[in-house]
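Comments concern the structure below.
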Amino acid sequence: AQKVTQAQTEISVVEKEDVTLDCVYETRDTTYYLFWYKQPPSGELVFLIRRNSFDEQNEISGRYSWNFQKSTSSFNFTITASQVVDSAVYFCALNTGFQKLVFGTGTRLLVSP
Amino acid sequence: SAVISQKPSRDICQRGTSLTIQCQVDSQVTMMFWYRQQPGQSLTLIATANQGSEATYESGFVIDKFPISRPNLTFSTLTVSNMSPEDSSIYLCSGHLDAEAFFGQGTRLTVV
């Protein structure tokens, strides 16, 4: 069975602070894909990143960075120098190729000025 | 990549009525899915929309309540039938292409 756990329900930070959102996954498949999505108050899901199970290289995109560690089944997401516009719900998700996405419960990030 | 257009973006409906949500993809995707997101919750898969055949429903969802069509590789509809206030949610369609998952903008449904 596949499962994604986002233990942090809500995080509050002050602008310019760094924040890390945790994601732990479970799967028996050796080939799988991990995703992060951002959902602002408007409701749409904004794709942030996809990582396949064979690529453990960490990735940085501007203020965003992702740390993928197969040894701990984690795919954590860090926002550096957070901004008010980063306030949203962030979802981590898992799938095995052509199958459905399994979502975590989401982490609500509140960035105050 | 693929761009998914979903409409309506929001609606307010009377209980007992039905609403059909449309999802149009700008390229042929291998898989299409429909998700429900109840207020403050995560996304839950309703069904896999199969091209030219009946959809595959997840546990707790039935065809009579959520009929789905997918006449071709780029279009699908979800109908929410005989609505009640408990159906108030965001409904999202998703298309998969080469292990990428793309989402429509979502339909915010309020049932009164």
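If R0 is 30 Å, what FRET efficiency do you get for B:S84 and A:N52 from their C-beta distance, rounded to 0.05? Here the calculated transfer efficiency is 0.15. Peptide B:28-41 shows a mean partner chain C-beta count of 2 within 10 Å per residue C-beta. Given their separation in residues at 0.36 nm each and the Cα-Cα distance between them, A:K16 and A:R108 gain 31.4 nm when the chain is fully extended.
For B:C13, the solvent-accessible surface computed with a 1.4 Å probe is close to 10 Å², ligands and nucleic acids excluded.
Relative to its Kirkwood radius, the Cα radius of gyration of the range A:1-100 gives an Rg/Rh of 0.96. Cross-link partners for A:K100 among the lysines, with Cα-Cα distance under 26 Å and sequence neighbours closer than 8 places in the same chain left out: A:K3, A:K38, A:K70, B:K7, B:K65.
The values are calculated or read from the model by the stated rules, or taken from the named source; none is laboratory data. Worth saying up front: this structure is predicted, and the values here are computed from it rather than measured. Cβ: placed from backbone, ideal geometry, glycine included. Neighbour counts: every protein chain shown. Just so you know, the surface numbers come from the protein's heavy atoms only, side chains and all, with ligands and any DNA or RNA stripped out. Shrake-Rupley method; radii C 1.70, N 1.55, O 1.52, S 1.80 Å.
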